[in-house]
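Everything on this sheet refers to the single structure shown next.
None of the figures in this text is laboratory data; all of them are computed from the coordinates on show. Just so it is clear, the structure is predicted and the values come from calculations on it, not from any experiment. Cβ placement follows ideal geometry from the backbone for every residue including glycine, while neighbour counts extend to all protein chains displayed.
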Amino acid sequence: MLEKRCYRASPPGVDPDRLGGLLIVVEGPDSSGRSTQIRMLSEWLEQKGFAVAQVGLKRSALVSAELERAMQGNVLSPRTMSLFYATDFYDQLENSIVPALRAGSIVLADRYIFTLIARDVVRGANPAWVETLYSRALVPDAVYYLTLSPRSLVDRTLEAHGYLDYWESGMDIGHSRDWFESFVWYQRRIREEFGRLQNRFRFETINANRSVRTTQNDLRKRIDAVLQQALAKL
Amino acid sequence: MFDQKPVPGKLIAVEGLDGSGKSTQVYLLHQWLQGLGCKVYFTEWNSSDLVREATKKGKKRQLLTPTTFCLIHATDFADRYDRQILPMLKGGYIVLCDRYKFTSFARDTVRGNDPGWVREIYSYARQPDIVFYFKLPLETALGRILEGRPDLKYFEAGMDLGLSADINESFRVFQSRVMSQYDLMADEFGFTVIDATLPIHRQQERVRGLITEQIDLARFRGKV
């Protein structure tokens with residue numbers, strides 16, 4: 001399998017040399033079809049005989065409930081939110097991702113540190129500080145970033161939910177009191193941050209304006225190449 | 001990120017091993033300043049309402065790793081720093097902290113986290129105007145805890161480090177390592193060392209004397 005490493009030092013007790021499997025990350029805004037794509041990838045990989053584990057944000061046993069409650073109240077400072085999310089992230093890294101990789105599974109991550117970094121930076125965090133915070137994370141074997149045109153993002157979001165989400169509209173930042181305006185502005189800022197991150201953390205951009213099937217085929221082709229490369233090293 | 005812009009308030013932190021008597025000292029200090037009519041605010045480690053539930057659960061079920069132990073306490077600290085400590089300083093209060101970021105630097109480094117990483121996480125938190133380090137021989141601190149309160153908690157005793165199967169022995173080794181970290185930091189961060197073997201009132205005299213020398217208390221009086 002492919003060699004694993006962390007961006008900087010690994011967390012105490014985590015030995016990347018003992019990890020196998022693959023860590024595959026799918027990033028992208030809500031309504032980009034991310035979850036659907038991941039579900040289809042999972043089925044496809046299982047059909048091929050690989051064990052698959054799925055992880056995402058705010059799903060840790062340690063703090064997900066408390067984090068959710070804190071968000072409902074919306075009284076946390078952006079810095080506290082960053083650290084709360086980081087706690088959630090590392091809890092899953094150490095208790096879900098690492099054990100699954102040790103067992104040789106393919107881990108499909110529904111978003112990873114990039115979303116977390118982008119959100120924090122858009123909220124005014126110092127980029128170097130946030131990147132240090134996440135510097136203990138494992139480097140994924142592949143990162144696919146689903147992108148949508150701003151127009152499709154708006155259309156799909158409204159069509160899917162009939163309303164705009166408070167956090168996904170960046171309403172906590174106070175850029176505009178108009179939700180629609182704030183949503184468009186916030187999603188553009190996130191996209192800009194991803195652009196900045198892309199230069200340093202190599203990810204592949206996937207055009208998600210296409211049909212679900214076309215996008216899926218594109219992802220499968222790319223993941224297949226990674227799989228072949230990993231299997232060749234077995 | 002490092003915000004050391006002048007504020008009208010003053011920040012005083014107390015640090016030291018469990019059993020060093022620092023909580024008693026900061027309590028007496030608080031009483032004294034209140035008695036003088038000063039604007040004073042007290043906050044202690046690990047006490048944010050929002051985060052404490054998660055920390056308690058993590059400790060009780062032993063869910064914490066060195067990394068998440070560090071981060072959950074950092075979350076707690078950030079909540080108190082942004083919503084209490086910094087606003088109070090800007091509002092012209094003397095803020096007393098029972099433990100500050102140095103507690104994390106000591107414990108989390110002993111747990112195997114990279115010292116540079118831990119320091120960077122807290123890099124936004126101001127250097128206090130005075131840090132009192134209540135220093136005493138390891139055996140004295142251990143004696144005070146092990147005689148008085150034998151039911152040590154898992155993380156408190158550093159059991160997660162696998163130092164010893166015996167909880168009292170684990171506590172000894174863990175505390176000795178934490179103490180080495182404090183001693184190293186005393187120079188790095190300019191701690192004011194107080195001899196914690198002295199009688200309580202002597203220590204308090206010294207603490208009050210140093211504060212009177214370094215802080216113009218008249219500025220903080222009669223405004224509440």
Open item on the list: On C-alpha positions alone, give me the angle between the axis of helix B:101-110 and the longest principal axis of chain B, in degrees, nearest 10.
Closed with: 20
TODO: With only Lys, Arg, Asp and Glu charged, each at its Cβ (+1 for the first two, -1 for the last two), find how big the charge dipole of the stretch A:71-182 is about the Cα centre; round to the nearest 20 debye.
DONE: 200
Task: For the stretch B:122-159 and the stretch B:8-63, distance of Cα centres in Å - done: 13
Task: Bridge type composition, the protein assembly as shown - antiparallel percent by DSSP, nearest 5 - done: 5
Task: At most 10 other Cβ within 10 Å, DSSP loop - chymotrypsin sites (Phe, Trp or Tyr not before Pro), the stretch B:33-88 - done: none
Open item on the list: Using amide H atoms built in the peptide plane, which far-off residues or other-chain residues are under 5 Å from A:TYR145 H to H?
Closed with: A:GLU27, A:GLU204, A:THR205, A:ILE206
Task: Listed residue (B:GLN25, B:SER48, B:LEU146) projecting farthest to the positive dipole end of the stretch B:21-161, Cβ model - done: B:SER48
Task: Shielding by partners, peptide A:72-83 (average Cβ within 10 angstrom, other chains) - done: 5
TODO: Return the FRET efficiency for the residue pair B:ARG61, B:ARG221: r is the Cβ-Cβ distance, R0 is 56 Å, and the value is rounded to the nearest 0.05.
DONE: 0.75
Open item on the list: Quick query: amide H of B:VAL193 versus all other amide H atoms, modeled in the peptide plane; which residues come in under 5 Å with a sequence gap of 5 or more or a different chain?
Closed with: B:TYR133
Task: Check: chain A dipole with +1 on Lys, Arg Cβ and -1 on Asp, Glu Cβ, in debye - done: 520
TODO: Fewest Cβ neighbours within 10 Å first, please rank A:ASP224, B:ASP187 accordingly.
DONE: B:ASP187, A:ASP224
TODO: Using the Cα centre as the reference, give the magnitude of the dipole from point charges on the C-beta atoms of the protein assembly as shown (Lys, Arg: +1; Asp, Glu: -1; all else neutral), rounded to the nearest 20 debye.
DONE: 500
- [ ] Based on other C-beta atoms within 10 Å, arrange A:CYS6, B:CYS97, B:CYS38 from fewest to most.
- [x] A:CYS6, B:CYS38, B:CYS97
Task: Greater than 32 Å apart at Cα, pairs in B:LYS59/B:LYS90; B:LYS5/B:LYS57; A:LYS4/A:LYS48; B:LYS5/B:LYS39 - done: B:LYS59/B:LYS90; B:LYS5/B:LYS57
Open item on the list: Suppose R0 equals 60 Å. What FRET efficiency, 1/(1 + (r/R0)^6) with r the Cβ-Cβ distance, do A:GLN229 and B:ASP151 give to the nearest 0.05?
Closed with: 0.65
TODO: Using the number of other C-beta atoms within 10 angstrom as an exposure proxy, rank B:TYR122, B:TYR93, A:TYR166 with the fewest first.
DONE: A:TYR166, B:TYR122, B:TYR93
TODO: Taking 7 Å along the Cα-to-C-beta vector as the label spot, tell me the B:LEU198-B:SER47 distance in nanometres, rounded to one decimal.
DONE: 2.5
- [ ] Would you mind computing, in nm to one decimal, how far apart the modelled labels at B:LEU36 and A:LYS58 are, each placed 7 Å from Cα along Cα→Cβ?
- [x] 4.7
TODO: Count, for each residue of A:59-70, the Cβ atoms from other chains sitting within 10 Å of its Cβ, then give me the mean as a whole number.
DONE: 5
- [ ] Positive end of the charge dipole of chain A (Lys, Arg +1 and Asp, Glu -1 on Cβ, about the Cα centre): tell me which of A:ALA65, A:ALA86, A:LEU148 has its Cα farthest that way.
- [x] A:LEU148
